[in-house]
1. Give the cross-link partners of residue 212 among the lysines, using a straight C-alpha distance below 26 Å as the criterion and excluding same-chain residues fewer than 8 apart.
2. Grab the other residues whose beta carbon is less than 10 angstrom from that of residue 294, score K and R as +1, D and E as -1, and report the net.
3. In the neighborhood of residue 97, defined by Cβ-to-Cβ distances under 9 Å, what is the net charge if each Lys or Arg adds +1 and each Asp or Glu adds -1?
4. Residue 107 versus residue 373, label points 7 Å from Cα toward the beta carbon: distance in nm?
5. Carbon and sulfur atoms: what percent of the 1.4 Å accessible area of the range 42-157 do they account for?
6. Sum up the charges of everything whose Cβ sits under 14 Å from the Cβ of residue 147, counting Lys and Arg as +1 and Asp and Glu as -1, but leave residue 147 out.
7. How would you order 83-89, 211-217, 156-162 from highest to lowest mean count of nearby Cβ atoms within 10 Å?
8. Which value, in Å to one decimal place, does the Kirkwood hydrodynamic radius take for the range 49-170 when every pair of different Cα atoms is included?
Amino acid sequence: MKVKEYPPRQVVAPGFENLPFDGASRPKENLYALKYSFGTQAIVEGYPSALGAIEKDYPESSKPRAYRLDNEVSRALYLPRLSISLLRSLDGAISIMVCDQKKNQQAGMLQNVDGDEVWYIHRGNGIFISGLGGFLFAPESYIYIPKGMLYAFLPFDAIFRVGMESKNKLLKPSFDGFIKSVPYDDEKCIVPNQYDRYDRFDEYTEFSSGFKSNIVFVKRANNYFWIEYRNSVLDCAGWSGNIYPFLIQAKHLDFPTLSRNHTDPTHFATFATEDGSAMISTFLSRHIHSLPYHHFNNWDEALFYAKGDYAARGGIVGAGDMTFHPQGFAHGPQPSAHEAWPEPKLGKDQPFVDELAIMFESRSPLIPTKETAGMEILDYWKSWSS
Ligand SMILES: [Fe+2]
């Protein structure tokens, strides 16, 4: 049996001919765009994400949330586990994680057999070491770690990172439809080598005498246990194959942007699973045609704000914060953002938005864990009522 998508259709009410279906959040005076699962765009007269009220017993886990992750209060909560899971999918396949790590906080190697990991380095420098060798890392980079790889982050100073674990393999997306693109050139990926290990690893071990390269903390079914091998797991002389960690810098990502339409955020996908169960996208500094449209998302989404003023939710969240928008809750730019930016801009009038944001998406509903107390910006969901 084969299945086929339903064919695209378009219906417009009398008197509304020439509606611009270009994805702009406010296509005309007193009209707004509302996207359903990024497949169909409705143009409506009422402000689509203005919240009136919600049921008294509306589940806490289904409300939008915001977290202030990168501050002193939050950092104290990460200890001593290094990383915590903020959100975990109902089926257990996806976890959104945050980690704050000091330079002496690594006793041994790690091995995650629950799934692939992708980490975004927000702050700090260090060396990433693995069973295949190592490489240096710096902020504004992603590090991909395949399931089962032996690895450790050895920070030269305190590092702060956010990431996703996925039971399904996180791969490189590509688009070959109306827009043809891939997010990065494979040649730009930095893969483990055996040279950094000798250059900088000794420097690291000097100030971190507690680190043992023959001890492995295995994460399996969300529990950690340790194994001590007789030999260091870092004595790789060379490797060959297609399972390896790598680093890609945000400055080497390359996404298409449309000058006459609002670019669908799907085109900023940087890592994705083959079955569409999870995706990580990057919003880079760029010229923007219009504010994002209002929408009902097809995935639960967690957005980490790394840099800049985020135009659509200005004043509520900033760098170092993360928002969580579950499915079933219309969201989009706040009214004040519309006032500041009422209509699409073309050509040289298009504003350059200097921002960097990382979006983690999960098809299966994400449930906030109990580890987030003290990090939340309380009643964030009410920001849609104002
Ligand atoms: Fe969204």
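1. 102, 103, 147
2. That sum, taken over residues with Cβ under 10 Å, equals +2.
3. -1
4. 2.5 nm
5. 54 percent
6. Computed value for this residue: 0.
7. 83-89, 156-162, 211-217
8. After inverting the mean inverse Cα-Cα distance, the result is 15.9 Å.
The values are calculated or read from the model by the stated rules, or taken from the named source; none is laboratory data. Everything numeric here is computed off the predicted structure, so don't read it as measured data. Note that each Cβ is placed from the backbone with ideal geometry, even for glycine, and that neighbours are counted across all protein chains shown. Accessible surface is based on the protein model in full, side chains and every heavy atom, while ligands, DNA and RNA are left aside. Shrake-Rupley method; radii C 1.70, N 1.55, O 1.52, S 1.80 Å.
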